[in-house]
Structure formats: structure tokens, C-alpha cells
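Here the structure is laid out as C-alpha cells; the discussion comes afterwards.
Derivation of every value follows stated rules applied to the coordinates shown; laboratory data play no part. Nothing here was measured: the structure is a model prediction, and the numbers come from that model. All Cβ positions, even for glycine, are placed from backbone atoms using ideal geometry, and neighbour counts span all protein chains on display.
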Amino acid sequence: MSIPRIVVTGIGASSPIGGTAPESWSALLDGASGARTLEYDWVEQYQLPVTFAAQAAVRPDTVLERPIAKRLDPSSQFALVAAMEAWADAGSPEVDPERLGVDFATGIGGVWTLLDAWDTLREKGPRRVMPMTVPMLMPNAAAGNLSLHFGARAYARTVASACASSTESIVNAVEHLRDGLADVVIAGGTESAIHPITIASFASMQALSKRNDSPETASRPGSIDRDGFVMGEGAGVLILETEEHAKARGAKIYAVVVGGGVTADSYHITANDPEGTGAARAVSMALAMADASPDDVTHVNAHATSTPVGDPNEYVALKSVFGDRIDEIPVSATKASTGHLLGGTGALEAIFTVLAIRDRVAPPTINITEQDPAVPFRISGSAQPLGDGPQLAISNSFGFGGHNAVAAFASA
């Protein structure tokens with residue numbers, strides 16, 4: 001029995017550098033930065049050591065109708081905004097509801113709803129806590145609300161694998177489509193966790209950049225003077241479907257999702273394996289599913305968070321798969337522009353990878369003052385052409401808990 005090919009027919013994004021996928025892509029190619037100083041009283045109230053983040057360029061509650069927005073945590077708001085864009089971009093496919101699925105992800109879920117409810121409980125008592133608090137804060141809220149909005153009845157599943165979450169959801173969607181569980185899947189991830197508690201916690205573990213005087217240049221993956229990542233927020237959504245279904249309805253096809261790999265390090269709850277064995281296996285699994293070799297890869301969207309330890313470890317992992325050729329492959333570290341969207345980051349970067357294939361260009365990596373010799377990727381502050389031949393690109397995501405997820409995309 002032949003294995004169905006899975007294609008991308010729609011994309012949608014709400015990111016720190018754009019309110020839509022095209023706006024985000026254009027800003028990325030222009031070298032924009034979404035990081036900026038936070039204008040909230042709570043920054044000073046709690047004397048936070050980090051006073052900036054990469055907030056979404058467009059607030060989701062300004063896009064959604066007010067009654068809908070009020071019933072959703074910001075993380076679910078972002079998910080719905082990006083999914084509506086992706087669905088329209090895919091031509092609003094007519095599909096049997098029992099053949100439409102949702103594979104969606106978040107790293108943290110409804111943190112704003114949870115902690116606002118805690119404040120209400122302490123200050124005003126239990127009678128003032130909203131009845132919708134649990135349905136808004138639960139990690140599967142985004143997947144459930146997308147299923148309700150689009151009438152998806154095949155399934156609605158949620159992944160919570162920290163920063164690997166939405167790439168893992170994309171890989172899951174491919175497997176579910178190949179297994180015949182659906183004809184069309186809404187896949188992706190979301191996060192809205194720019195909150196005092198998360199900023200304080202990440203800062204306490206020395207994970208965040210503390211360049212409060214220069215937010216726009218704070219995220220600098222691969223640069224020798226990097227000092228941590230920048231918190232971001234938003235969502236990315238891809239409409240995936242079997243090629244047969246897409247062609248039958250005359251859909252445009254951005255790219256083919258040819259492979260995916262998901263592994264675990266089993267090394268440390270927050271640090272990735274310095275030998276990169278788990279990450280390397282995820283890359284190799286993605287290439288094996290794609291029936292491709294390392295020599296076929298033309299572009300890499302690196303996880304590259306701008307942390308002192310994480311960037312070199314990713315290089316070690318890729319070096320073990322690609323050998324010296326990794327120094328020749330155009331690499332992009334797009335978190336330099338967008339910040340780190342945690343559970344939403346993989347989906348956003350998958351979209352960037354798909355568009356890199358379409359436009360045959362690797363987007364620039366901004367803010368590199370001097371490239372670290374321990375991270376000698378072929379990265380550049382300018383866009384890098386990918387050439388005229390067939391394209392095969394991978395997008396990497398690694399998360400707390402030792403989660404590794406890699407998705408591979410090819411030109412249609």
C-alpha cells in the first residue's frame with residue numbers, strides 16, 4: 001500500500017514581527033526585531049530583572065469579536081486568529097467534519113487566566129472567580145476551541161512538550177494523515193506567557209537575556225556575546241492534507257511535509273544533552289522518513305535560542321549527522337527576530353521554513369556581532385539564496401524535559 005504524501009496548503013501566524021504570516025515573513029526578510037521594552041506597571045512593581053520581551057505585533061483581542069475573545073485565554077486567542085488566517089489561505093476547504101482533525105500544542109497554556117483567577121480568589125473571594133476559568137486555562141483549550149470553531153470531529157489532540165511542542169504536533173499530524181485518520185488537519189501551536197511569573201522564573205535560571213538597554217539586539221543566536229533568549233508570544237498554524245485531497249479540490253500547495261522525528265534525551269529536565277545524541281536521532285529519523293540523505297538538505301532553520309550552552313550543543317548534534325557539510329548549508333536562526341515563542345515557536349519556524357523553500361531564500365539572522373567559533377553555522381545577517389534545484393529543509397525544536405522534534409519539508 002502506498003504511503004500518502006502530506007502537503008501544506010495554508011499558513012497563518014500572529015507573531016512579534018507581524019499580525020499575519022505574510023507580514024511576519026516580510027519583516028523577517030527585512031531584518032526586523034520584535035523585542036521591545038514592556039510598558040506595564042508590573043515590571044516596576046515586581047522589580048523584574050528583565051524589562052523587555054517580544055510581544056505580538058497585533059493583539060488577538062483586537063482581531064476577534066469581543067464575545068469570542070472574552071471566553072478565551074490569550075493563548076487560545078492567538079491560536080484562533082492564526083488558524084482563521086490559515087484556513088482562509090487554504091481556500092476554506094470543504095471537508096467532511098469526521099475527516100478534519102486538530103493537532104495543536106502549547107508549552108504552558110492559559111497562564112494568564114490561571115494567575116488572574118488566583119489574584120481574584122485572594123482579593124475578592126471564590127464567588128468572583130469566573131465559571132469559565134478551567135476551560136480557559138487548560139492546556140487543551142486551544143485545540144478544543146479550534147475543533148469547535150471549524151467543526152473538526154476526527155480528533156482534537158494536544159501536545160505539551162515545552163519548546164518542542166508545535167513541531168511535535170506537526171509531526172503527529174503527518175503521521176495521523178498517513179494513517180488515514182483524517183484528510184485535513186489543522187496543526188500548530190500557541191503561547192502567551194509574557195507574564196511576571198514566567199519572566200522572573202526564566203531570569204532566575206539565567207535563561208533570559210538581560211540587555212534591558214537594547215531589547216532589539218538582545219537575541220543573538222550564534223554570536224559570541226549572546227546571554228540568553230528573549231520571551232516571545234503568538235501562534236503559527238499550518239493546514240496539512242493528503243496530496244490526493246488537496247489536488248482533488250485544486251488547492252495551492254506550498255510544500256510537502258516529507259518527514260519528522262521525535263525523540264527524548266533522558267538527560268536533564270532543563271539542559272539538553274551536550275553530545276546532542278537525542279537531537280541528532282530526531283534529525284536522522286526525519287531524513288529517514290523522507291527517504292533522504294544529509295546531502296539532500298539545502299536549508300536548516302535552527303532552534304538556536306541564543307543561550308550560551310544551547311547553541312553549541314545544537315551545532316554538535318547537527319555536525320554528527322551532516323559532518324563537515326553542516327558548515328556549507330545555509331542556516332537561519334529566526335528567534336533573533338521573533339524571540340522565543342516557547343510552545344508556539346516550532347509552528348512559526350515551520351512556516352518560515354516552508355516560505356524559505358517557496359522563495360528559495362534563507363532568511364537573515366540578525367544581531368551577530370562576532371560569530372562564536374563553537375557555533376560555526378553558515379549564518380548571515382543577510383538573506384542567503386538557496387539555489388534553483390530541489391529544496392529539502394529541516395526545522396529543529398528542542399524543549400525542557402529533553403524533548404526533540406524535527407520536521408522536514410520539500411519543494412512541491
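For the pair the stretch 249-325 and the stretch 72-96, the centres of their Cα atoms are 28 angstrom apart. At full extension, residue 30 and residue 296 could sit 93.0 nm farther apart than now, given 0.36 nm per residue minus the alpha carbon distance. Comparing 234, 346, 310 in a Gaussian network model of the chain, where Cα atoms under 10 Å apart are tied by springs, the biggest mean-square fluctuation is seen for 310.
Think of the stretch 7-248 as a dipole: +1 on every Lys or Arg Cβ, -1 on every Asp or Glu Cβ, centred on the Cα centre; then among 143, 248, 95, 143 lies furthest on the positive end.
Working note: 222 nm ellipticity from helices only, DSSP H runs with n ≥ 4, each -39,500 (n - 2.57), summed and divided by the residues of the chain, gives -10000 deg cm²/dmol to the nearest 500. Counting Cα-Cα pairs of the stretch 7-248 in 10 Å increments starting at 0 gives whole-percent bin shares of 8, 30, 34, 20, 8, 1. May I ask for log10 I(q)/I(0) of the stretch 51-190 at q = 0.11, 0.22 Å⁻¹, from a Debye sum over the Cα atoms as equal point scatterers with solvent left out? Reported log10 I(q)/I(0), two decimals: -0.43, -1.37.
With a simple spin-label model that places each label point 7 Å from the Cα along the Cα-to-Cβ direction, the separation between residue 44 and residue 324 comes to 5.8 nm. GNM remark for the chain: springs join alpha carbons under 10 Å apart, and the peak mean-square fluctuation among 74, 139, 126 falls on 126. Toward the positive end of the charge dipole of the chain, with +1 on the Cβ of Lys and Arg and -1 on the Cβ of Asp and Glu, the farthest Cα among 74, 203, 258 is that of 74. Positive end of the dipole of the stretch 260-411 (Cβ unit charges, origin at the Cα centre): among 350, 310, 276, the Cα lying farthest that way belongs to 350.
Label-to-label distance for residue 175 and residue 94 is 3.4 nm, based on points extended 7 Å past Cα in the beta-carbon direction.
As a calculated quantity, the FRET efficiency between residue 224 and residue 244 at R0 = 51 Å, using C-beta atoms, amounts to about 0.55.
Fraction of C-alpha pairs exceeding 34 angstrom in the chain: 23 percent, rounded to a whole number. In a simple Cβ point-charge model (Lys, Arg +1; Asp, Glu -1; nothing else charged), the stretch 260-411 has a dipole of about 320 debye relative to its Cα centre. Using C-alpha pairs below 8 Å separated by at least 6 residues, the relative contact order for the stretch 221-293 is 28 percent. Between residue 288 and residue 61, the contour length at 0.36 nm per residue exceeds the alpha carbon distance by 77.5 nm. Think of each Lys and Arg Cβ as +1 and each Asp and Glu Cβ as -1; about the Cα centre, that makes the dipole of the stretch 219-341 roughly 360 debye. If only the Cβ of Lys and Arg carry +1 and only the Cβ of Asp and Glu carry -1, the dipole of the chain around its Cα centre is close to 820 debye.
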